[in-house]
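The values are calculated or read from the model by the stated rules, or taken from the named source; none is laboratory data. As the structure is a computational prediction, the values presented were derived from the model and not from experiment. Heads up, the Cβs are rebuilt from the backbone with ideal geometry, glycines too, and the neighbour counts pull from every protein chain shown.
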Amino acid sequence: MKIKWYSKQGLLTLFLMCAFLPHVWTFIMAFNDASMLIYRMRGVWGAIGVLSYGLLFSFVESLFVFLITSLLGLLISSRWDESRRIVLLGWLVTVTLLWVILSQSYYAWHMHVPVRIVRFVAQFPYPFQTVYVAAGASALVTALVPALLILQHKGFYDFARAAMERITFLSAVYLVINVLALIVVIVRNI
């Protein structure tokens, strides 16, 4: 019996899930620095150009994440149907990218860990290892608990699938904006 891992629709849905958060993060960072970009680039057109480059980079990043995710998806058991595997992969990509965004936001917005947490961790004999173990355990729990719920409980699976359908529509809008960004980059470089 030949197993069909992905359909075209499944791959498209997975790609749109992989494209969602990188594009959201690009827009957040661009609008966070919009006034500085407009001033530094000497006008709105220059700021749109910088945003366009950022969006194209997000598109390439999304392709890279999609390729890795689709390859890792081959490790998921074929016991579950394709739709459940796509929802699971979409969830795992979302959680992973949220952790990446969280780590970048600390640097982007100059956030600091509260002093009482630093003092508490400093009491341990190996504070850096403690931080890494705590971060790893948090990441593992935020990925595995929902993954198990998606695979084992129909109600949570239905919720995750409905959320994915809404996210993929918004990601499709981002891809249209990417086409506009490509046109802006081409026009600026002519």
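Values computed for the structure shown
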quantity: When residues of region 76-108 are limited to those that are among the polar types (S, T, N, Q) and not in a helix (DSSP H, G or I), the one surrounded by the most Cβ atoms within 10 Å (Cβ to Cβ); calculated: 78
quantity: Residue selected from region 95-151 under the condition aliphatic (A, V, I, L, M) and over 22 Å from the mean Cα position of the chain (by Cα), by the criterion modelled with the lowest pLDDT; calculated: 113
quantity: Selected residue (only one of 186, 190 is out of contact with any Phe, Trp or Tyr (no Cβ under 9 Å at 6 or more places or on another chain) and part of a helix (DSSP H, G or I)); calculated: 186
quantity: Qualifying residue in region 14-34 (condition: surrounded by fewer than 17 Cβ atoms within 10 Å (Cβ to Cβ), without any contact (Cβ under 8 Å) to a residue 60 or more places away in the chain and among the aromatic types (Phe, Trp, Tyr)); calculated: yes
quantity: Among (1) hydrophobic (A, V, I, L, M, F, W, C); (2) farther than 22 Å from residue 156 by Cα; (3) at pLDDT below 95 - the single one residue 86 does not satisfy; calculated: (2)
quantity: Matching residues in region 121-177 - criterion: being in contact with a Ser or Thr (Cβ under 6 Å, 6 or more places away or on another chain) and closer than 18 Å to residue 9 by Cα; calculated: 168
quantity: Neighbours by Cβ (under 8 Å, 6+ apart or cross-chain): first from region 119-130, surrounded by 10 or more Cβ atoms within 10 Å (Cβ to Cβ); second in a loop (DSSP other than H, G, I, E, B) and among the hydrophobic types (A, V, I, L, M, F, W, C); calculated: 130/124
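Residue-wise test of (1) among the small types (Gly, Ala, Ser); (2) buried (at least 16 other Cβ atoms within 10 Å of the Cβ); (3) within 22 Å of residue 23 (Cβ to Cβ).
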| residue | (1), (2), (3) |
| --- | --- |
| 141 | no, no, no |
| 145 | no, no, no |
| 154 | no, no, no |
| 157 | no, yes, no |
| 160 | yes, yes, yes |
| 163 | yes, no, yes |
| 171 | yes, yes, yes |
| 174 | no, yes, yes |
| 187 | no, no, yes |
